[in-house]
Amino acid sequence: MNIPVVNLGAILPAIMLSLFGIAIMVAEPFVSDAKKSWLGWLAIAGTIAAMLALAPMSRQAGQWYTNLWIVDSYSIFFHFLFILIAAITILTSMNFLQREGIHHTEYYALLLFATVGMMMMAGSNELIMVFLGLEILSIATYVLAGFRRTDLKSNESAMKYFLLGSFSSAFFLYGVALIFGATGSTNLIVIADSLRSGDPQTSLVSLAAALMLIGLCFKVAVAPFHVWAPDVYEGAPTPVTGFMSVGPKAAGFAVLLRIFMTAFPTLEDRWTSVFWIVAALTMLIGNVIALVQPNIKRMLAYSSIAHAGYIAVAVAAGSEHGVSAVLFYTLAYSVTNLGAFAVVTMLSRSEDKLVNLNDYAGLASKRPGLAAVLSLFMLSLAGVPGTAGFAGKFFIFKAAVQSGLIWLAVIGVITTVVSFYYYLYVIVQMYMRDPNEEFADVRTTGPLKLALAITIAGTLYLGILPTRFLDWTVSAAVNALR
Amino acid sequence: MIEILFFFFAALAVGAAINVLVQKHVLYSALSLIVLLSSMSGLFILLRADFLAVIQVIVYAGAIMVLFVFVIMLLNLPEDEDGADRLRWLKFLGIPLGLFFLFLTVITLWNVERQDIVEAQMAGTPELIGRSLFTDYLLPFEATSLLILIALMGAVVFAKKDL
């Protein structure tokens with residue numbers, strides 16, 4: 001009997017987050033209601049500890065735990081991204097939870113555990129492990145979506161997400177079962193080897209790959225599997241919506257790339273054409289329907305569908321540049337979108353009373369700072385030069401053109417132009433309409449300011465000086481393709 | 001003999017699965033689900049996955065279904081009210097698409113090169129499963145504990161009266 005090498009260093013960030021999550025749960029009964037936000041700061045400390053733990057993790061490059069856990073710059077990049085997303089979400093949530101009277105510290109623990117789930121998805125080399133990570137992430141997110149327990153919309157959101165999410169998990173699992181039947185393994189590298197060595201059963205492998213693709217496309221909300229997203233995003237508590245629109249999406253694409261790059265390179269021409277269609281459909285549907293949304297949460301939901309479409313363009317490109325563009329874009333989009341949702345959280349007031357676009361009328365004359373910040377995020381989402389969104393889109397379309405997907409790039413550029421309308425409409429509302437109200441009850445508090453500072457800095461830094469992160473994403477892409 | 005048993009359990013499973021869907025009353029659906037799960041465990045025994053078969057009966061047909069039936073009885077749901085009128089037309093889209101998917105799957109599986117039935121090399125005994133859980137699959141085994149913890153927390157968050 002061979003006991004595997006237990007290398008705690010290789011999973012140190014996940015251990016850190018789990019420990020802090022458990023510590024928060026244990027400490028909860030001993031903390032009075034007034035001091036609940038301390039536990040929020042404890043969660044922040046957890047993310048910092050996990051961030052520091054990336055350093056020892058990066059020294060453990062290689063495969064661990066009988067080849068089912070992989071440490072390379074690809075997985076480290078995603079670990080970094082997930083921790084960042086968790087930290088910003090916690091900062092955005094602290095005052096929100098107090099304001100809504102749902103300051104239960106289970107929220108922080110669930111958020112940290114969901115992040116651990118995402119890490120497992122990005123770091124594993126094994127479909128069973130991927131599935132476990134997927135379920136940890138999904139179940140934690142179902143609960144977070146329904147966290148406003150007395151609110152009907154929140155209940156609807158959790159219920160819809162739960163039903164459709166379980167359904168899509170079943171698709172994924174069926175695909176895993178079939179690939180195990182065809183190749184006798186769930187390890188991605190073993191699958192790839194057995195596909196290369198002949199022994200075709202190509203139709204069975206294609207069916208398995210298609211089923212896994214369906215399951216993951218549900219999770220990242222690309223057309224035609226996007227229908228759940230707007231309702232779920234609208235009903236969930238606003239910081240959770242922000243988290244859902246970036247976290248599971250980034251994790252889903254991380255897994256998607258890992259599975260298809262590592263295990264199915266032999267089927268590449270097939271899934272490239274599938275992604276072509278998915279990307280084109282998603283960009284068109286997301287952007288066109290976003291045009292007519294009066295509710296800013298729904299508008300951002302469709303916008304997040306559209307952005308998944310842009311990422312799918314880079315996935316279709318498939319090359320080293322494509323993978324690097326996916327990584328860069330998920331980072332740029334996450335930072336920008338979390339910032340936008342932080343502002344929306346602040347402005348929506350209690351029980352999401354003011355989430356319509358015309359509630360933003362005249363914000364600039366009353367609260368010029370907030371209006372400027374939200375404008376920056378909208379411009380970045382639209383992809384105006386100098387912002388993170390532009391750099392991200394530029395790399396994606398460049399990768400698409402280099403891989404010969406000219407028409408896909410053309411569709412991408414056209415839909416981007418369409419998207420300017422609804423992003424700029426928010427700015428028009430804020431700057432060119434008369435205010436309906438005083439915005440006196442909008443409070444910017446410490447944690448929120450910190451979240452905004454991080455996201456503003458990230459948006460501008462990635463937009464103006466993208467090279468440092470680009471070097472990182474390129475090396476990660478080279479790593480993932482090897 | 002094995003073939004006869006296989007077709008018996010398989011037919012029972014498929015029949016029970018269809019019955020779960022078409023029954024109007026939830027309780028009958030739940031009871032058919034028990035039949036489905038038990039016949040699945042019969043299939044597991046034919047595959048010599050003894051441990052899985054026992055677990056299937058104890059956990060699913062036993063514990064979970066009892067919980068199900070209790071919940072149904074406690075809630076005392078009214079008969080099916082046909083509430084989803086608004087989405088009725090989706091049936092005409094969903095059923096053909098579902099059948100198309102079934103067709104694709106069946107065609108693919110039918111065309112898989114069939115091999116002769118071989119006697120399972122290893123029986124799925126608790127010992128072997130335990131051994132692989134603590135060696136090759138150590139990390140997923142530990143990760144499962146996190147999954148269960150989250151499910152537990154989720155239930156508390158949703159169900160507890162005042163958190």
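The values are calculated or read from the model by the stated rules, or taken from the named source; none is laboratory data. In this text, all values refer to a predicted model and were calculated from it rather than measured experimentally. Positions of Cβ are generated from backbone atoms using ideal geometry, with glycine treated the same way; all protein chains shown enter the neighbour counts.
I'd like the full set of residues that are in a helix (DSSP H, G or I) and either at pLDDT 90 or above or crowded, with 23+ Cβ neighbours inside 10 Å (or both), limited to region A:140-153.
Residues of region A:140-153 that are in a helix (DSSP H, G or I), as a first pass: A:140-145, A:152-153.
Residues satisfying the conditions are A:Ala140, A:Thr141, A:Tyr142, A:Val143, A:Leu144, A:Ala145.
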B:Val112 is checked against (1) at pLDDT 85 or above; (2) surrounded by 10 or more Cβ atoms within 10 Å (Cβ to Cβ); (3) within 11 Å of another protein chain (Cβ to nearest Cβ) and fails just one. What number does that condition carry? (1)
Checking A:Lys219 against (1) away from chain B (no Cβ under 12 Å); (2) of a type in the set (D, E, K, R); (3) surrounded by fewer than 24 Cβ atoms within 10 Å (Cβ to Cβ), the condition it does not meet: (3)
Would you confirm, using the coordinates I've provided, whether A:Ile70 is within 24 Å of the chain's Cα centre (by Cα), modelled with pLDDT of 95 or more and either buried (at least 22 other Cβ atoms within 10 Å of the Cβ) or of a type outside the set (Val, Ile, Thr) (or both)? no
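Could you go through region A:122-129 and let me know if any residue there is within 18 Å of the chain's Cα centre (by Cα) and either closer than 30 Å to A:Met94 by Cα or without any contact (Cβ under 8 Å) to a residue 40 or more places away in the chain (or both). Let's see the steps before the verdict.
Quick first cut of region A:122-129, residues within 18 Å of the chain's Cα centre (by Cα) only: A:122-124.
Now narrow it down to the ones that are either closer than 30 Å to A:Met94 by Cα or without any contact (Cβ under 8 Å) to a residue 40 or more places away in the chain (or both): A:122-123.
So far as region A:122-129 goes, yes, one or more of its residues are within 18 Å of the chain's Cα centre (by Cα) and either closer than 30 Å to A:Met94 by Cα or without any contact (Cβ under 8 Å) to a residue 40 or more places away in the chain (or both).
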Selection from region A:10-43 of residues that are touching a residue at least 60 places away in the same chain (Cβ under 8 Å), outside any loop (DSSP other than H, G, I, E, B) and of a type outside the set (Gly, Ala, Ser): A:Ile11, A:Pro13, A:Leu17, A:Phe20, A:Ile22, A:Ile24, A:Met25, A:Glu28, A:Asp33, A:Lys36, A:Leu39, A:Leu42
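From the list A:Gly181, A:Gly165, which one is within 12 Å of chain B (Cβ to nearest Cβ) and assigned to a helix (DSSP H, G or I)? Give the derivation first.
Numbers: A:Gly165 fails: within 12 Å of chain B (Cβ to nearest Cβ).
That would be A:Gly181, the only listed residue that is within 12 Å of chain B (Cβ to nearest Cβ) and assigned to a helix (DSSP H, G or I).
Determine, yes or no, whether A:Leu195 is among the aliphatic types (A, V, I, L, M), on the phi < 0 side of the Ramachandran plot and more than 19 Å from the chain's Cα centre (by Cα).
Numbers: among the aliphatic types (A, V, I, L, M): yes; on the phi < 0 side of the Ramachandran plot: yes; more than 19 Å from the chain's Cα centre (by Cα): yes.
Criteria met by A:Leu195.
Return the total of residues in region A:196-243 being outside any loop (DSSP other than H, G, I, E, B) and either of a type outside the set (A, V, I, L, M, F, W, C) or touching a His at 6+ places or on another chain (Cβ under 6 Å) (or both). Talk me through it step by step, then tell me what you get.
We begin by selecting, within region A:196-243, every residue outside any loop (DSSP other than H, G, I, E, B); these are A:196, A:202-220, A:229-235, A:238-243.
Cutting the leftovers down to either of a type outside the set (A, V, I, L, M, F, W, C) or touching a His at 6+ places or on another chain (Cβ under 6 Å) (or both) gives us A:196, A:202-203, A:206, A:215, A:219, A:230-231, A:233-235, A:238-239, A:241-242.
The number of residues fulfilling the criteria is 15.
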Hits in region A:191-201 - residues which are facing chain B (nearest Cβ under 10 Å), of a type outside the set (D, E, K, R) and either surrounded by fewer than 17 Cβ atoms within 10 Å (Cβ to Cβ) or touching a Cys at 6+ places or on another chain (Cβ under 8 Å) (or both): A:Pro200
Kindly indicate which of A:Gly242, A:Gly247, A:Gly252 is away from chain B (no Cβ under 14 Å), farther than 24 Å from A:Met129 by Cβ and within 21 Å of the chain's Cα centre (by Cα). A:Gly242
Test each condition in (1) within 18 Å of the chain's Cα centre (by Cα); (2) within 11 Å of chain B (Cβ to nearest Cβ); (3) surrounded by fewer than 24 Cβ atoms within 10 Å (Cβ to Cβ) for A:Leu81 and report the one that comes out false. (2)
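Residues are listed down the side, and each one gets a yes or a no for (1) under 16 Å from A:Phe420 (Cα atoms); (2) not in a helix (DSSP H, G or I):
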| site | (1), (2) |
| --- | --- |
| A:Ala280 | no, no |
| A:Met283 | yes, no |
| A:Asn287 | yes, no |
| A:Val292 | yes, yes |
| A:Leu300 | yes, no |
| A:His307 | yes, no |
| A:Leu327 | no, no |
| A:Ala342 | no, no |
| A:Thr345 | no, no |
Please go through region B:124-136 and give me each residue that is under 23 Å from A:Ser124 (Cβ atoms) and either among the polar types (S, T, N, Q) or within 7 Å of another protein chain (Cβ to nearest Cβ) (or both), ordered by number. B:Arg131, B:Ser132, B:Thr135, B:Asp136
Does region A:1-37 hold any residues that are crowded, with 23+ Cβ neighbours inside 10 Å and within 12 Å of chain B (Cβ to nearest Cβ), and which are they? A:Ala10, A:Ile11, A:Ala14, A:Leu17, A:Ser18, A:Gly21, A:Ile24
